[in-house]
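The values are calculated or read from the model by the stated rules, or taken from the named source; none is laboratory data. For clarity, every value in this text was computed on a predicted model and none was experimentally measured. Ideal geometry is used to build each Cβ from the backbone, glycine not excepted, and the neighbour counts take in all protein chains shown. Surface areas here come from the heavy atoms of the whole protein model, side chains and all, with no ligands, DNA or RNA. Shrake-Rupley method; radii C 1.70, N 1.55, O 1.52, S 1.80 Å.
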Amino acid sequence: MALRLPTQLATRGTFHHHHNNNSKSTTTAALSWRRTLSPDTPLIHSSTSLTTKKSYVQQMVTCSASGSTQAVNLAPGTPVRPTSILVVGSTGTLGRQIVRRALDEGYDVRCLVRPRPAPADFLRDWGATVVNADLSKPETIPATLVGIHTIIDCATGRPEEPIKTVDWEGKVALIQCAKAMGIQKYVFFSIHNCDKHPEVPLMEIKYCTEKFLQDSGLPHITIRLCGFMQGLIGQYAVPILEEKSVWGTDAPTRIAYMDTQDIARLTFIALRNEKVNGKLLTFAGPRAWTTQEVIALCERLAGQDANVTAVPVTILRFTRQLTRFFEWTNDVADRLAFSEVLTSDTVFSAPMTETYELLGVDAKDIVSLEKYLQDYFTNILKKLKDIKAQSKQTDIIF
């Protein structure tokens, strides 16, 4: 059947201005987004220097989606199965664990993947269906949502592209499509403390998206995350084993890293729990760690010292202000803004007792960073030993 969709789905929300609908064709649903600031807060452009920003009152962000959107009937008398889910960002660190867990639990998994030269074959091998679409091209989204009950959104932009394209404009389009097509649940992964750091573009966008999703009226769950244990392997474990330089900062920030497999497990427990509908949850690991503590733990488990290149946070801040002078490096500057969070002695952690009680989860079942890294180093050191033994056996002297 032909699917009539709101033409406004193809329009993009804009980060700073009132959303204008320039769509010429007829709309089946009028969706709009607006961002208002408190009367005493001037509108701040992303290129405003940080010092100027900080002199203002913290921005009040309100995003709202309004309009009467009717669910699209896919076919008469064919209800959408509650097990049919679409995972957005399925090739990422968290996304792949979400897909894995969903398949293990018997869900029908569809993965939204950007068309790419090297296709994500591993998702198909696991048993998922792969559909091509690109969040930065809203017209490609609707076809991927047909027959879907739940969207699990783990997508975030690639480092080389402007944060706003996928993380803001793409998400606005996806949420509008989901609303228009009657998606019955939307799970959104955000960042812990994103509401406290309007000076960091990605965090402000995540907070704005949380609000936009809330105002859209879609049944949803928002899950804020602190940090992934998986990210520490490439950052610290591998360079230490290869005796390469490890980048560390002198920042006192502590992060409660969590294993993405645990995040995936808790996500599906939350998804099936009706009490969690519309709630904001924060998932944090058992303990918060500084960079220095993570490096020391890796050194102990690897049995060798790290070659640490310490980068003072003040240098990162200076680099950020410097890159602001050159328009083409604006995005680099946006990413360096995370260093501002590092200087503020923030603890990226949250008490989990209530969350565990709500989800009926035992804290003992959550993997600690010590256990996670110990398993990694035990496996990798054993493999390295085996490779060494094999190469000795196959040494042929001519």
Q.
Contact list please: Cβ distance under 6 Å, first residue in the stretch 254-267 and touching a residue at least 24 places away in the same chain (Cβ under 8 Å), second residue buried (at least 22 other Cβ atoms within 10 Å of the Cβ) and of a type in the set (A, V, I, L, M), pairs at least six apart or on different chains.
A. ALA256/ALA284; TYR257/MET229; TYR257/LEU369; ASP259/MET229; THR260/LEU94; ALA264/ILE98
Q. Does the stretch 311-327 contain any residue that is part of a helix (DSSP H, G or I), modelled with pLDDT of 90 or more and not assigned by the TED database to the domain that holds PHE188?
A. no
Q: Tell me, yes or no, whether the stretch 152-163 has at least one residue that is outside the structural domain of ALA296 (by the TED database), more than 30 Å from PHE377 (Cβ to Cβ), touching a helix residue (DSSP H, G or I) at 6+ places or on another chain (Cβ under 7 Å) and free of Cβ contacts under 8 Å to residues at least 40 places away in the same chain.
A: yes
Q: Collect the residues in the stretch 244-259 that are touching an Asp or Glu at 6+ places or on another chain (Cβ under 9 Å) and open to solvent by 50 Å² or more (accessible area, probe 1.4 Å), keeping them in residue-number order.
A: PRO252, ARG254
Q: Look through the stretch 148-172, keep the residues that are over 22 Å from LEU225 (Cβ atoms) and modelled with pLDDT of 95 or more, and return whichever of them is most open to solvent (accessible area, probe 1.4 Å).
A: HIS149
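Being open to solvent by 10 Å² or more (accessible area, probe 1.4 Å), over 24 Å from ALA270 (Cβ atoms) and of a type in the set (Ser, Thr, Tyr) is the requirement here; does THR83 meet it?
Values: open to solvent by 10 Å² or more (accessible area, probe 1.4 Å): yes; over 24 Å from ALA270 (Cβ atoms): no; of a type in the set (Ser, Thr, Tyr): yes.
Criteria not met by THR83.
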Q: Please specify each residue of the stretch 347-371 satisfying the condition of being open to solvent by less than 40 Å² (accessible area, probe 1.4 Å) and part of a helix (DSSP H, G or I).
A: THR355, TYR356, LEU359, LEU369
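So which residues in the stretch 290-307 are within 20 Å of ILE380 (Cβ to Cβ) and not in a loop (DSSP other than H, G, I, E, B)? Give the steps one after another, and end with the answer.
Pass one, the stretch 290-307, residues within 20 Å of ILE380 (Cβ to Cβ): 294-307.
Within the stretch 290-307, VAL294, ILE295, ALA296, LEU297, CYS298, GLU299, ARG300, LEU301, ALA302, ASN307 meet the criteria.
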Q: Restrict the check to the stretch 106-121 and report whether at least one residue is in contact with a Lys or Arg (Cβ under 6 Å, 6 or more places away or on another chain), at negative phi and not polar (S, T, N, Q).
A: no
Q: Collect the residues in the stretch 76-122 that are within 17 Å of the chain's Cα centre (by Cα) and assigned to a strand (DSSP E or B), keeping them in residue-number order.
A: LEU86, VAL87, VAL88, CYS111, LEU112, VAL113
